[in-house]
Amino acid sequence: MNNLQKFNTPFKVDTTNLKTKIAELEAFVAASTYTAAELAAAVEKSKELYAELDADMTAERKIDWQAEYKKVWEVVSVSQAIETLANYRATLAADLMHTPCRYVVTDTSRLVSPAGFHPHDHVFLQTKIAIHTDDPSKLPASNVPLYTHVIRGEA
């Protein structure tokens, strides 16, 4: 493989762990018996309970509050799993880039790490311009502003 081919080859993003997370969440949601209305009501109730946290509570109310929240939390966790699933599926559908080099130079001022990935995974949403390099001092001139992002190493 010559150098030009090496640099023009896209860096494949491993989505195996993300697909595993999706399968686990799908199983969790499928096992739920809650209706959409119950999920929505639980989310609203959790907001009310959170708002009440700021108020002064008696010891009795704290005990009741904890019992109420425990019941609501089970339903809210299903709602959160559904939202997370949607975000993970959007990540799978997105154009992603893996940055194995020390720097990536892009046309955007910040990189976005998609749902299901941590910035330390070096996986980001693909930008229009993405130059992967270990030495940003030898970049060609550009007629658009470019931003150098440190991926590996010190800033």
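Angle check, please: helix 36-53 long axis (alpha carbons) against the longest principal axis of the chain (alpha carbons), in degrees 0 to 90, nearest 10.
For helix 36-53, the angle is close to 80 degrees.
Between Asn17 and Gln80, with labels modelled 7 Å along Cα→Cβ, what's the label distance in nm to one decimal, could you check?
Between Asn17 and Gln80, the label points sit 2.0 nm apart.
Using just the helices of the chain, give the 222 nm mean residue ellipticity in deg cm²/dmol: DSSP H runs with n ≥ 4 each add -39,500 (n - 2.57), and the total is spread over all residues, rounded to 500.
Working: 4 runs with 74 residues, N = 155.
It comes out at -16000 deg cm²/dmol, rounded to the nearest 500.
Once Lys and Arg get +1 and Asp and Glu get -1 on their Cβ, which of Ala141, Thr20, Leu92 lies farthest toward the positive end of the dipole of the chain?
Comparing the listed Cα positions along the dipole, Ala141 ranks first.
Excluding same-chain residues fewer than 8 positions from Lys70, which lysines have a Cα within less than 25 Å of its Cα?
Straight-distance partners of Lys70: Lys21, Lys45, Lys47, Lys62.
Candidates [x] -0.72, -0.92, -0.98; [y] -0.78, -0.99, -1.04; [z] -0.60, -0.89, -0.97; which is the computed log10 I(q)/I(0) by the Debye sum over Cα atoms at q = 0.12, 0.16, 0.17 Å⁻¹?
[x]
Under 5 Å between amide H atoms, partner at least 5 residues away or on a different chain: which partners does Ile151 have, H built in plane at 1.01 Å?
The answer is Tyr103, Val104.
Taking θ as phi - 60°, what are the ³J(HN,Hα) couplings along segment 23-28 by the Karplus curve (6.51, -1.76, 1.60), each to the nearest whole Hz, with x for Gly and Pro?
3J(HN,Hα) across segment 23-28, in whole Hz: 4, 5, 5, 4, 5, 4.
How long is the gain from Glu44 to Arg152 if the chain were fully straight, where each residue apart is worth 0.36 nm and the alpha carbon distance is subtracted? Walk me through the numbers before you get to the answer.
Working: separation 108, 0.36 × 108 = 38.88 nm, distance 4.24 nm.
So the chain would gain 34.6 nm between Glu44 and Arg152.
At a Förster radius of 25 Å, what calculated FRET efficiency corresponds to the Cβ-Cβ distance of Ala141 and Thr108, to the nearest 0.05? Kindly include the intermediate steps, with their values, before the conclusion.
Details: r = 19 Å, r/R0 = 0.76.
Working from the Cβ atoms, E equals 0.85.
From the phi angles alone, apply the Karplus equation (6.51, -1.76, 1.60; θ = phi - 60°) to segment 85-102 and give each ³J(HN,Hα) in whole Hz, x where the residue is Gly or Pro.
Coupling constants for segment 85-102: 4, 4, 5, 5, 5, 5, 4, 4, 7, 7, 7, 10, 10, 9, 10, x, 8, 6 Hz.
Can you tell me how much longer the chain between Ala67 and Glu26 gets when fully stretched, taken as 0.36 nm per residue apart minus their C-alpha distance, in nm with one decimal?
Working: separation 41, 0.36 × 41 = 14.76 nm, distance 2.76 nm.
Once the chain is fully extended between Ala67 and Glu26, it gains 12.0 nm.
Bear in mind that the values in this text are calculations on the coordinates, not laboratory data. These figures come from a predicted structure and were not determined experimentally. With ideal geometry, Cβ positions are generated from the backbone for all residues, glycine too; neighbour counts draw on all protein chains shown.
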